[in-house]
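Have a look at the structure below before the remarks.
The values are calculated or read from the model by the stated rules, or taken from the named source; none is laboratory data. Not measured: the values here are computed from a predicted model. Every residue, glycine among them, receives a Cβ derived from its backbone with ideal geometry; neighbour counts consider all protein chains shown.
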């Protein structure tokens, strides 16, 4: 195959190509290998595997998959190690630009990278695992100029957690998706002032645990039924105008308020990344934004499988990897037999989100100690004891009592690292510390500089701030 400039593209053939090296792509590749497929190639546009998990330094991942609570980089590292153990080849810094389905059932991928130039890869089966992207300000039709200081929450997360740079010092967050809530906490820990989170709906779009640990822990206001109607500033954001909205989500005249800020973060939803999928002629589901697939996650009987956030946006990464394992297993079956059995499984239904709604009893607690995620009610009795109901195991009761009497948190942050790849190394405390000691932990690590190599689990600082908790690396940087 020749490209438009007449240069010959490097040709390769594989049994299975996986597009995307995030949690979905890695899980699918591992599952296919464990089903006996030896000829697999993973294509990833970033410089390293792991996808969005690399910048999600907070904990809360892995309870379903690994039965322990991990940070995003730790979760990714588990699958990266599986990829290395199975010796599955991966092309990094490689952008897929085109897909083509042939009449004989083969699929051709056109990709490019700096080392090999234009690549033409013929695959018997494909797994699409490109993930999703954030809905930008332009999709929200917010009036105002285009000054510096407007970001999506995920872009701000990249700046802070990977590049070690702060996008601003006084922020308003628009939308209460989980990424926005987590960035409210992250920016606060880094010394910024988060003025408020404004949510147009009358309930939060994020998990209740993130409302508690990211907003309430730091006294950050959540304004429901509120939206931004204007952004002030021409060169740099100077402030925003907020207004209440009615039941039709229209701003209510006379409810406007001016808020000073230099940064606006949008956390207003995710969109499956399906430009490549459409090139295959796949039908798209308007309710999910992803392709229409069979119960076995296959598109049109083509030997092309979709999984993870490219199929539909998932609440937790554990469900992404469960679904991706089915996609990888089904792709292996298709490669062997040219079709799937009628009982091929695939869909993993996400658990209902435990969202925050105004007027709820404040003693409603969601346990994070195990995958059950019990919604519990805790109340103080006249004799001073605490009555807990709704827990399915003793861990839930212990957690609820601690939340009411002496809340503890695992602290996640970054330290500076001398590296050409990244500027920040994700770290966490080796155990939970009292909530009131979080600022002491942050101060203790603020001046740390680390030289690579460093691996997940390395001790960066012992007994941080006298809390008895060590600071552990949750990332791996070898160069």
Assuming residue 224 fulfils every condition listed in (1) in contact (Cβ under 8 Å) with a residue 12 or more places away in the chain; (2) under 22 Å from residue 168 (Cβ atoms) apart from one, which condition is it? (2)
Residue 417 vs. criteria at pLDDT 95 or above, in contact with a strand residue (DSSP E or B) (Cβ under 9 Å, 6 or more places away or on another chain), outside the structural domain of residue 73 (by TED's automatic domain parsing) and farther than 25 Å from residue 372 by Cβ: no
Can you tell me how many residues within region 185-206 are surrounded by fewer than 24 Cβ atoms within 10 Å (Cβ to Cβ) and over 22 Å from residue 441 (Cα atoms)? 7
Here the residues within region 172-184 that are within 19 Å of residue 441 (Cα to Cα) and touching a residue at least 40 places away in the same chain (Cβ under 8 Å) are 182, 183
Run residue 93 past the list (1) part of a strand (DSSP E or B); (2) surrounded by fewer than 20 Cβ atoms within 10 Å (Cβ to Cβ); (3) modelled with pLDDT of 95 or more and report the number of the one that doesn't hold. (1)
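Working only within region 354-406, note down all residues that are part of a loop (DSSP other than H, G, I, E, B), modelled with pLDDT of 85 or more and out of contact with any strand residue (DSSP E or B) (no Cβ under 6 Å at 6 or more places or on another chain). Show your work before the answer.
Going residue by residue through region 354-406, those that are part of a loop (DSSP other than H, G, I, E, B) are 354, 356-363, 367-374, 381-385, 390-393, 406.
If we keep only those that are modelled with pLDDT of 85 or more too, we end up with 385, 390-393, 406.
Scanning region 354-406 gives 385, 392, 393, 406.
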For region 457-471, the count of residues that are crowded, with 19+ Cβ neighbours inside 10 Å and out of contact with any strand residue (DSSP E or B) (no Cβ under 6 Å at 6 or more places or on another chain) equals 1
If you take just the strands (runs of 3 or more DSSP E) that sit entirely in region 166-273, which of them hold at least 3 residues that are under 29 Å from residue 439 (Cβ atoms) and modelled with pLDDT of 95 or more? 170-174, 193-198, 239-244, 263-266
What do you reckon, is residue 433 out of contact with any helix residue (DSSP H, G or I) (no Cβ under 8 Å at 6 or more places or on another chain) and in contact (Cβ under 8 Å) with a residue 12 or more places away in the chain? no
